[in-house]
Amino acid sequence: MLKLFNTLTGRQEVFEPIEPNKVGMYVCGVTVYDYCHIGHARSALVFDVFRRYLESCGYAVTFVKNFTDVDDKIIKRAQEQGVSCDAVTTKYIRAYHEDMGKLGIRVATEEPKATEHIADIIQLTERLVAKGLAYVVDGDVYFEVAKYPEYGRLSKRRLEDLQAGARVDVDERKRHPMDFALWKSSKPGEPAWQSPWGPGRPGWHIECSAMSIRHLGETFDIHGGGMDLIFPHHENEIAQSCGSTGKDFARYWVHNGFVQVNQEKMSKSLGNFFTIREIFEKSEWSEEVTGEILRYFLLSTHYHGPLDFSDQALKEAKNALNGFYDLFGRLAEPSGETESDQILSQAIDRCRVTFKAALDDDLNTPVAIAALQGLRSDVNKLTEKGLSSEGRKKVRQEFHVLGNVLGLFQSDKWQFGGPFVAPIGQARETDVALSVGVKQSGLSDSEIEDLLRERNEARGKKHFKRADEIRHSLAAHGIIIEDKPDGTSRWKR
């Protein structure tokens, strides 16, 4: 039973989606004016694993992650380079996909851009003005926080204690310092769209409300992002969304922790700020760091806590992965029959139980990785005594299937080396099959159901070898089977 820490309530809660077996998840993406840094990588990876785990539990996940493609920083970068804003955003959206591809992060179900949802943004703003929750000043539209009594419930701050902070304009025309812009009147040389209040562009916060409502509905399951977004961005999203619709917005708010570098806050001023590209290209790291090493390292700390980035931590991640891939290489060697297979099955069962319990506990990836390390240790001991070819195949498949939930161990040849690169521009329907390193299934639903019935019959007759053969055959076609406690099974592509 999956439990998540909900920032909104301040406690861990059992996850119960609005619709059975379906999950709608929105995660705030990047503002595309520069290359992504290690903090962006952590956030993207955390919610990639959330998505993978939810899917492995049988949920159909609609995952929406936006691009902010109109913003003061984008305008400034375009002016500095003497190019259009479109040229800037196109360049860095492409770079984002390349960087995330190296980390094995799958393309979202939908990746909306703010500029593609101007009509939705204007409509949402009009509704807030009509309800008296927003006011117009010289072509700008502001949300009036004093009109929303629950303002501050996500960040646990009181309105009377709040001061103008990050990305909040100090403007004497505002009725309260924390009133925030829904629509900004245009200045010369800036991109602008026509609106009821004159030419202008959207504020930062309103775009995420408009895009999430458009793609997931007025109320959806999970809203995610980094802890730096809790205030004011997510706080403002709640106010304008709930104020507009009169309904709950997102039911679970999930936030990942910050990245530190050698136990110091990452910042450009301290000279400890690294983009993903710099980590791969840095001379002392280039021969050591692959996408999978970086991914393993990022998952070795619970997503909710701070993460300390260091050379030593990367080396430890590399050594740990080398240990796994050394085992995978030895498992590929031929072997005869042995009595160790029964002990192996028990070790695999222990690993499965611990692995799932860890991820059910607010996606505790360090404990899940520890379960895989425990299985590796058990198998290392058993290979010294001898494992049958069937046993070796079984444990390789187990590492492959469990590893896929974390995005690890997906090399078909079980070799360690080279970045884990996902094809850019890949059709979204094939993402799952590609991520597990197998071909898409050519089996029809009825053929799969027939094989599943045969497997269930084999299990009922205690013909476990045949049951495992069918399971592995289906896995080779990208079909995942989940055995339920009542003895029945279900499958998904």
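Being part of a helix (DSSP H, G or I) and touching a Gly at 6+ places or on another chain (Cβ under 7 Å) is a description that does not apply to H304. So in segment 348-382, with the set limited to residues that are at pLDDT below 95 and touching a Leu at 6+ places or on another chain (Cβ under 7 Å), which one is farthest from F409 (Cα to Cα)? In this case the residue turns out to be L382. Considered as a group, the residues in segment 365-385 that are in contact (Cβ under 8 Å) with a residue 40 or more places away in the chain and surrounded by fewer than 18 Cβ atoms within 10 Å (Cβ to Cβ) include one that is farthest from F297 (Cα to Cα), and that residue is K385. Scanning segment 73-83 for residues that are in contact with a helix residue (DSSP H, G or I) (Cβ under 9 Å, 6 or more places away or on another chain) and in a strand (DSSP E or B) turns up nothing. Candidates are the residues of segment 386-413 that are modelled with pLDDT under 80 and under 25 Å from the mean Cα position of the chain (by Cα); the one that is surrounded by the most Cβ atoms within 10 Å (Cβ to Cβ) is S411. Residue count for segment 246-274 satisfying the condition of being in a loop (DSSP other than H, G, I, E, B) and either closer than 30 Å to F220 by Cβ or free of Cβ contacts under 8 Å to residues at least 60 places away in the same chain (or both): 14. In segment 144-162, the residues that are in contact (Cβ under 8 Å) with a residue 12 or more places away in the chain and in the same structural domain as E172 (by TED's automatic domain parsing) form Cβ pairs under 6 Å with partners that are surrounded by 15 or more Cβ atoms within 10 Å (Cβ to Cβ) and among the acidic types (D, E), at six or more places apart or across chains, as follows: E144/D179; V145/D179; L154/E235; S155/E235. Just checking, does segment 7-25 include any residue being touching a residue at least 12 places away in the same chain (Cβ under 8 Å), over 30 Å from I481 (Cβ atoms) and of a type outside the set (S, T, N, Q)? Yes, segment 7-25 contains a residue that is touching a residue at least 12 places away in the same chain (Cβ under 8 Å), over 30 Å from I481 (Cβ atoms) and of a type outside the set (S, T, N, Q).
In segment 50-67 there is at least one residue that is under 17 Å from N404 (Cβ atoms) and touching a Phe, Trp or Tyr at 6+ places or on another chain (Cβ under 8 Å).
With the structure loaded, tell me whether Y33 is in a helix (DSSP H, G or I), closer than 18 Å to R277 by Cα, more than 16 Å from the chain's Cα centre (by Cα) and assigned by TED's automatic domain parsing to the domain that holds I222 or whether it fails that test.
No; evaluated as a whole, the condition is false for this residue.
The values are calculated or read from the model by the stated rules, or taken from the named source; none is laboratory data. As the structure is a computational prediction, the values presented were derived from the model and not from experiment. Backbone-built Cβ (ideal geometry, glycine too); neighbour counts: all protein chains shown.
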